[in-house]
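Below: the structure, in structure tokens.
Read-outs throughout are calculated quantities, based only on the coordinates presented, and are distinct from any laboratory measurement. In this text, all values refer to a predicted model and were calculated from it rather than measured experimentally. Note: ideal-geometry Cβ built from the backbone for every residue, glycine included; neighbour counts use all protein chains shown.
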Amino acid sequence: MGEHGDLKDYIAETKRRPQGQIDPLPTFRPYQSFSYSAAAMRSPFEQPVEDGAPTFVGNPSNVKPDFSREKEFLENFNFASLSMVGTLEQAGTLWALINDGEGAIHRVTQGNFMGKNHGKIIEATRTRLEIVEIVPDGLDGWVERPRVLKLVEKE
């Protein structure tokens, strides 16, 4: 048989064994891609802001911001970054506590200004601030836009 007789015997014995059966491959469901269709909507991680439709009050040409007025600190922030976190009453005046989005808390009351669009607080209650912003109307004029900032409740 030669030098490799034992190897040839092993090969012959292996060939005589019944062949095994291979299990079929599992069936996979085809991949279904997900199309995110809410990309143009408000981010769920930003606080919702109630926007009122622009309203013309009186003659639109009479509406304009007072650029000679000294700006208040909260006018350096976008309205969307501001949140009302509480109120306090001191000497008969109701103050709203505003978080500027950078961790600092400021107090404001009726008549104060906030936001980059010349937003004036026209009414302050324990649960909300009503603000009127003066924004460009797109026709070289200005228009008043009401906004509301509601008290944020911690969960």
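Assorted remarks:
- On a per residue basis, the convex hull of the C-alpha atoms belonging to the chain measures out at 329 Å³.
- Loop-located chymotrypsin sites (Phe, Trp or Tyr not before Pro) across the range 1-44 with a Cβ neighbour count of 10 or fewer within 10 Å are 28, 31, 34, 36, with loop assigned by DSSP.
- Qualifying GluC sites (Glu not before Pro) in the range 95-153, where qualification requires a DSSP coil assignment and no more than 13 other C-beta atoms within 10 Å, comprise 102, 153.
- Mean ellipticity per residue at 222 nm, deg cm²/dmol - from DSSP H runs of n ≥ 4 across the chain, formula -39500 (n - 2.57): -2500 deg cm²/dmol
- Between 0 and 90°, nearest 10: helix 5-16 axis offset from the chain longest Cα axis: 70 degrees
- Under DSSP loop assignment and at most 12 Cβ neighbours within 10 Å, longest trypsin sites (Lys or Arg not before Pro)-free interval of the chain: 72-125
- Count of lysine pairs in the chain with Cα separation under 17 Å (8 or more residues apart, or interchain): 5
- Dimensionless Rg over Rh [the range 92-148; C-alpha; Kirkwood]: 1.04
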